[in-house]
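Contents: one structure, followed by commentary.
The values are calculated or read from the model by the stated rules, or taken from the named source; none is laboratory data. Owing to the predicted nature of the structure, the values given are computational and were not obtained by experimental measurement. Neighbour counts are summed over all protein chains in view; Cβ atoms, including those assigned to glycine, are modelled from backbone coordinates with ideal geometry. To get the accessible areas, we keep the full protein, side chains included, count just its heavy atoms, and leave off ligands, DNA and RNA. Shrake-Rupley method; radii C 1.70, N 1.55, O 1.52, S 1.80 Å.
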Amino acid sequence: RDGLSNSQINYMFQDSKGYVWIGTSYGLNRYDGYRFRTFYSDPNDTTSLRSNYVDMIMEDDEGRLWLKQGMNFSLFDPKTEKTVRNPSQVLSKLGIKGGIDRLYVDSKKNLWIKNYDDGMYFYDIKTKKKTLTKYGYNEEDLPKDFWISSFAEYDHNLLMTSSNGELIAIDGSRGQVV
């Protein structure tokens, strides 16, 4: 009763401040080494979590947490303890449009966003430039039917596996499948 909001742990993540964040099927939990603090969805509060189901947590360069919540994404700010339920608005300010299909924050805090319409956007946090690897049928294009199951980094490339076992690497700065 003094611990997690739910015994089903979907994801664990330690942020840059040392907090351990635990996504469960009923709430987002923060552990500071002494106690848990739990964040929930409240239908009457549009700044609360989008839903109580959290299955991925990643931290961006501003310390905000990108949460995958089932089929949707949201952006939680630990400083204000408020959530942006539609992060597409935040991404549009970076020149990235469309609904988020998959998202990855790499070790340099660069953003990789696969949307439904265009392909995979790469946003370089240092240069503030975005590059798009477009959907298409050429060798350097991202196949539209590539459903990402996991991410990894190799050198400056993003490696992705699909649910059917394919492996693709993207050079974000060039906007090409390599």
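Observations on the structure shown:
- Computed with a 1.4 Å probe on the full set of protein chains, the accessible area for Ile22 sits at about 10 Å².
- If both residues of a DSSP beta bridge must be in region 80-178, then about 95% of such bridges are antiparallel.
- Karplus 3J(HN,Hα) series, Hz, for region 57-65 with 6.51 cos²θ - 1.76 cosθ + 1.60 (x for Gly, Pro): 9, 9, 9, 8, 5, 9, x, 7, 9
- Simple label model, 7 Å out from Cα along Cβ direction - Asp55 to Glu140, nm: 3.5
- Members of Lys79/Lys130; Lys17/Lys126; Lys93/Lys130; Lys68/Lys128; Lys108/Lys128 lying beyond 18 Å, as alpha-carbon distances in this model show: Lys79/Lys130; Lys17/Lys126; Lys68/Lys128
- The dipole here belongs to the chain: it is taken about the Cα centre, uses +1 on the Cβ of Lys and Arg and -1 on the Cβ of Asp and Glu, and is about 580 debye.
- Loop-resident chymotrypsin sites (Phe, Trp or Tyr not before Pro) (DSSP state other than H, G, I, E or B) in region 86-120 with no more than 15 further Cβ atoms inside 10 Å of their Cβ: Tyr116.
- Net lengthening on full extension, Glu166/Asp77 (0.36 nm per residue, minus Cα-Cα): 28.6 nm
- Here's how it looks for Gly172: its modeled amide H is under 5 Å from those of Leu158, which are all 5 or more places away or on a different chain.
- Efficiency of FRET between Ser92 and Lys126 - r from beta-carbon atoms, R0 22 angstrom, step 0.05: 0.60
- For region 84-178, carbon and sulfur atoms together expose 49% of the accessible surface, with a 1.4 angstrom probe and every protein chain in place.
- The phi-based Karplus calculation (6.51 cos²θ - 1.76 cosθ + 1.60; θ = phi - 60°) puts the 3J(HN,Hα) values of region 103-110 at 9, 9, 10, 7, 5, 9, 6, 6 Hz, whole numbers, x for Gly and Pro.
- Taking all protein chains as shown and a probe of 1.4 angstrom, Met120 keeps an accessible surface of around 0 Å².
- For GluC sites (Glu not before Pro), the sites in region 76-159 that DSSP calls loop and that have at most 15 other Cβ atoms within 10 Å are Glu81, Glu139, Glu140.
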